[in-house]
Amino acid sequence: MNELERFYDFLDTSVLYEEHSFKELLNKNRLSSLRLVSALSTKSSDSCALTDISSPKFYCSNNECKSKQYYEPIEEVEHLINFYKETEETLRYRCRNCRASTKTFLLRIELKTLNKDSYPKDDTSISIQKIGEYPKFGKPIPNQALKLLGKERDLFFKGSTCENLGMGIAAFSYYRRVIDSKKDKLFDEIIKVLKLNSGNEVLVKELSEAKQEPQFTKALNKIKSILPESLKVKGHDPLKLMYKALSEGLHNKTDEECLRNAKAIKTIFFAFTERLDTILKEDKMVSEALKDLV
């Protein structure tokens, strides 16, 4: 198992047909994902109701929240499902905190494992496919990443949309173009952090010289030194992780493999930009505090 594969263990991924709770389906699975969910309560001889639909947590973008909040169903109704035919259900939620932000889902539900001679129990698994979601699925882009992306944020948003729709090759292509375009800016931020402490002169020189290469992967080939521990993500060098994901390219890769690499690139990029921003902010705060004390 290589370094990138080990990092996948930290990603928020789901396995097709692995049984999930209903809240996991809403929070973790992109559009068109088909999942088995144990979320039934038997109501009659030919129908049941969804259970566990209350109090999921979603990110609320309202200025009053700007964080994950508990949501509650807007309509207090039972969502009945026929045992033997496909059903489509719309669920609408409202943020409990600000009571302004809403979240809407359209689900396709079917009890594929049942027949006329079988009778479901409360723990019977049902097949649910998320076919609609608004606001769209996915974690919001951190402010630190948005600041670094600059004019390339539109391309990054397109890549994120493709990722949410399961279009791996398209998502990978967008993310690769963005990383290549923002390579110099990313290296400049790393250099700022490295210059806060002595002993990083060789790596600073390598990063400065690597900026002459147009592509991120070619630039990384010129960097032989490793990043200090303070800049690593889960103990891994984020530059090497992104290099591994990007250097595999699109050739001979399935759409699912490209999707996996695209998600890795985005996750590492977010974590790394947050780490860089945190270190620079902490240094500024310490410097300001010293001015008041010295």
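Laboratory data are not the source of any read-out in this text; all were calculated from the coordinates shown. Keep in mind that this is a model prediction, so the values were computed, not measured. Methodologically, a virtual Cβ is constructed for each residue, glycine included, from the backbone with ideal geometry; neighbour enumeration extends over all protein chains shown.
A few points about this structure:
- For a label point 7 Å along the Cα-to-beta-carbon line of I169, residues of region 237-270 with backbone N under 13 Å: 250-259
- Charge tally in the Cβ shell below 10 Å around L231, where Lys, Arg are +1 and Asp, Glu are -1, L231 excluded: 0
- Size of region 143-293 from its Cα atoms: along the principal axes, largest to smallest, the extents are 57, 30, 28 Å.
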